[in-house]
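Remarks on the structure that follows.
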Amino acid sequence: MTKKALPWVVTLALVGTAFFVHRTPSWLQPLFRAIGDQSFLVVIDEEIAVDPNHLKGLVWISRDRLKRKHLKDLDQVFWLRPRGSTRAGLFGLQANECRDEGPVQLCLVKLDAWNPWRLSKKGRGISVASQAMTCKVKDLRKKCFYGHQGWEYLRREQHQFAGDRRPCLWTHPMKDEAVTVTVDALPPGDYRLIAGLDDSAVRGDLSAVEVSVAQKGSKGWRKNLTVPDRKGLHLLPLPELRPGEALQIEVRAKETGARFFCWDLERSGSLHPPKREDKEPPAKSKSMETSP
């Protein structure tokens, strides 16, 4: 290549780069059509190159700048992520309605799934037992003891998981035996177990908590989840629950020191409104207790 040709090559390279960066992406028109005349926040994964000039008229934010407070007063958002992405959902919300548009996937995320049915809201039909004693839950705000130690109880509390504080059911494991929680028949549907260790209990080298979930009956099943000594919540999807059968959850750990274990059962979030009979009554405005 001669010195005279070099400037032309550089110029063509810059022009080509500008063209590919600023040309209208193939997913833009489908996005505008999907939104129509409604007002939505559009969340765009930072891996997707965008030209702000193409997004005029839209309210949008990059995924890496999104905070929970931005979604406080919204019912739903559009989420653009790379096609084939397996990245976790927005603050735990998974998009159920997605379609591929060229190199991206366009997803609708309804935020009403942030208020799913949870066992920690139910407060009825729960009992907990060990070899030492059995306790039937009457009020989830009060400790239901299944052991002689002050921390061996089941109660609804708020704990922090990877910086995110949420309600859950405290159930500290016991030394050399399982803690068994029995839940009376739940409404049929798709559920998942959500479990983790409070951030204050994570050291990185302590014993994991082992959880077993089973439904009895002629077509019974059992699923297992290991909760390691690592910050964050862990999810275990469960087979569809059949009506009229109890669920049994066993919690155990080889070493129980500082195993600040908390869990919940959650009916899988749906992008469709729940049926009338499945709606939860309004939550009381009392503040949650926390463990000492």
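The values are calculated or read from the model by the stated rules, or taken from the named source; none is laboratory data. Only a predicted model underlies this, so the values are computations on that prediction, with no experimental measurement involved. Every residue, glycine as well, gets a Cβ built from its backbone with ideal geometry; the counts of neighbours run over all protein chains shown. Protein only, heavy atoms only, side chains kept; ligands, DNA and RNA dropped before computing areas. Shrake-Rupley method; radii C 1.70, N 1.55, O 1.52, S 1.80 Å.
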*Over its Cα atoms, what ratio of radius of gyration to 2.2 N^0.38 Å does the stretch 124-219 give?*
1.15
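What's the FRET efficiency of residue 63 with residue 37 using the Cβ-Cβ distance as r and R₀ = 30 Å, to the nearest 0.05? Write down the numbers at each step before the final one.
Values: r = 25 Å, r/R0 = 0.84.
The pair residue 63/residue 37 has a calculated efficiency of 0.75.
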*For the pair residue 133 and residue 99, what calculated FRET efficiency results from E = 1/(1 + (r/R0)^6), where r is the Cβ-Cβ distance and R0 = 41 Å, to the nearest 0.05?*
0.15
*asked:* Taking 25 Å as the cut-off for C-alpha to C-alpha distance, list the pairs among 121/254; 121/143; 110/143; 136/175 that go past it.
replied: 121/254; 110/143
*Taking Cα centroids, how far is the stretch 179-197 from the stretch 199-227 in Å?*
11
*Work out how far the C-alpha atoms of the stretch 21-175 reach from end to end along every principal axis, then list the three figures in whole Å, largest first.*
70, 30, 24
*Give the cross-link partners of residue 69 among the aspartates and glutamates, using a straight C-alpha distance below 16 Å as the criterion and excluding same-chain residues fewer than 8 apart.*
112, 164
*Equivalent ellipsoid semi-axes, the stretch 217-257, via Cα gyration tensor eigenvalues times 5, rooted, Å*: 26, 13, 8
*First compute the accessible area of the stretch 31-93 with a 1.4 Å probe, then give the percent of it belonging to carbon and sulfur atoms.*
47
*Mean 1/r over all different Cα pairs, inverted: what Kirkwood radius does the stretch 39-111 give, in Å?*
12.5
